[in-house]
1. Check off (1) without any contact (Cβ under 8 Å) to a residue 40 or more places away in the chain; (2) out of contact with any Lys or Arg (no Cβ under 8 Å at 6 or more places or on another chain); (3) not polar (S, T, N, Q) for Asp46 and give me the number that stays unchecked.
2. Output the number of the condition that Asp46 fails; it satisfies all remaining conditions of (1) surrounded by fewer than 20 Cβ atoms within 10 Å (Cβ to Cβ); (2) touching a strand residue (DSSP E or B) at 6+ places or on another chain (Cβ under 9 Å); (3) not in a helix (DSSP H, G or I).
3. Which residues, taken from segment 96-139, are at pLDDT below 95, in a loop (DSSP other than H, G, I, E, B) and either within 18 Å of Asn23 (Cβ to Cβ) or of a type in the set (A, V, I, L, M, F, W, C) (or both)?
4. What is the one condition in (1) of a type outside the set (D, E, K, R); (2) in contact with a Lys or Arg (Cβ under 8 Å, 6 or more places away or on another chain); (3) at pLDDT 95 or above that Val242 does not satisfy?
5. Buried (at least 17 other Cβ atoms within 10 Å of the Cβ) and either modelled with pLDDT under 95 or of a type in the set (D, E, K, R) (or both): is that true of Ser289 in this structure?
6. Provide a single number: the residues in segment 2-43 that are farther than 18 Å from Leu139 by Cβ, part of a helix (DSSP H, G or I) and of a type outside the set (Asp, Glu).
7. Among (1) within 23 Å of Ala49 (Cβ to Cβ); (2) among the aliphatic types (A, V, I, L, M); (3) within 14 Å of the chain's Cα centre (by Cα), which single condition is Leu70 missing?
8. Cβ-Cβ distance below 6 Å, separation of 6 or more or different chains: which pairs start in segment 188-199 with a residue that is touching a residue at least 40 places away in the same chain (Cβ under 8 Å) and end on one that is part of a strand (DSSP E or B) and of a type in the set (Gly, Ala, Ser)?
Amino acid sequence: MKIIQDINSITEPFKSAVITIGNFDGVHIGHQALFHEVIERADAMDGTAVAITFDPHPIRVITNNGHPPLITLNEQKTELIEKAGIDVLICIPFTMGFAALSARTFVEEVLIRRIGMKAIVVGEDYTFGNNREGNVELLKRFGEEMGFSVVVADWIQSVREKNARISSTSIRQLVMEGDVISASRMLGRNYQIRGTVAHGRDRGGRLLGIPTANIVLQDELCPKLGVYAVIVECDGKRYQGVANIGFSPTFGDHIFTVEVHILDFNQNIYDQRIMVDFVQRLRNEKKFSGIDELIEQIQQDIVDARKILALHFE
């Protein structure tokens, strides 16, 4: 997949570009279905399948950082879109200047002249241009005038999981509630966070005999406080693990941490970036009477996690 981060670097339009546009936060199964439609139509006209997204998230710019936490950081979003089979990903830097473009200017100057759009696939609630002045009806009128086709994937809106519309908002709510199983069904994969392993308070290994990797997050969505069965990817290898998200109430220091105990693992991974897939929530975070009771519970968490994760490591 070709990745373009500056539309001005596009020197000539792509061949018969079929495009879709969106933030694609989460790259959930609705987004994946949209990409599939783009790819099929591009293949039918021997064209180029193009996805256009934005960084930073437009709401962050327009509301001065008032956007919800991201389900997928740009790095993971790019990987997932490539995996979907898109030919070209254009990541437009979103600025107030770009937001001020009129709907007509965006279509004429960016989509047609610069990118070479011959068809566009959008959802029925798609809006674009300054103050969201453009909608599907205006896009259709532009299509008739400028010679491109508009495919309204209204079936995307009906993609559901247990009567709930699959959307980034729905997934975000599920993750915040700790229901990572339902979130994974909407995503088509486990919910994942990525972060750098930092030095913590040196309690896991020293006091408990259970070393943990303390992860420094960026601005991605963090699951509800509690203990989870997880899959950890480090240096291209996958391991079973148990993650604790919270404030370590037994120790009373009230410092928020994301700690992962990687099972059957004994390597120094400080300052390394790891990926953590959340498979199932095991329990709430709890204050124990002392270290012995805490160790006993962690050992039980490990047993429970092994049973749950066994299916993922057959």
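The values are calculated or read from the model by the stated rules, or taken from the named source; none is laboratory data. The shown structure was predicted, so the numbers you read here are calculated from the model rather than taken from an experiment. As a convention, Cβ positions derive from the backbone with ideal geometry for all residues, glycine included, and neighbour counts pool all protein chains shown.
1. (2)
2. Result: Asp46 fails condition (2) only.
3. Listed by number, the residues that qualify are Ala100, Leu101, Gly123, Glu124, Asp125, Tyr126, Thr127, Gly129, Asn135.
4. Result: Val242 fails condition (2) only.
5. Values: buried (at least 17 other Cβ atoms within 10 Å of the Cβ): no; either modelled with pLDDT under 95 or of a type in the set (D, E, K, R) (or both): yes.
No, not satisfied.
6. Summing the residues that are farther than 18 Å from Leu139 by Cβ, part of a helix (DSSP H, G or I) and of a type outside the set (Asp, Glu) in segment 2-43 gives 12.
7. Among (1) within 23 Å of Ala49 (Cβ to Cβ); (2) among the aliphatic types (A, V, I, L, M); (3) within 14 Å of the chain's Cα centre (by Cα), Leu70 violates only (1).
8. Cβ pairs passing all conditions: Val197/Ala213.
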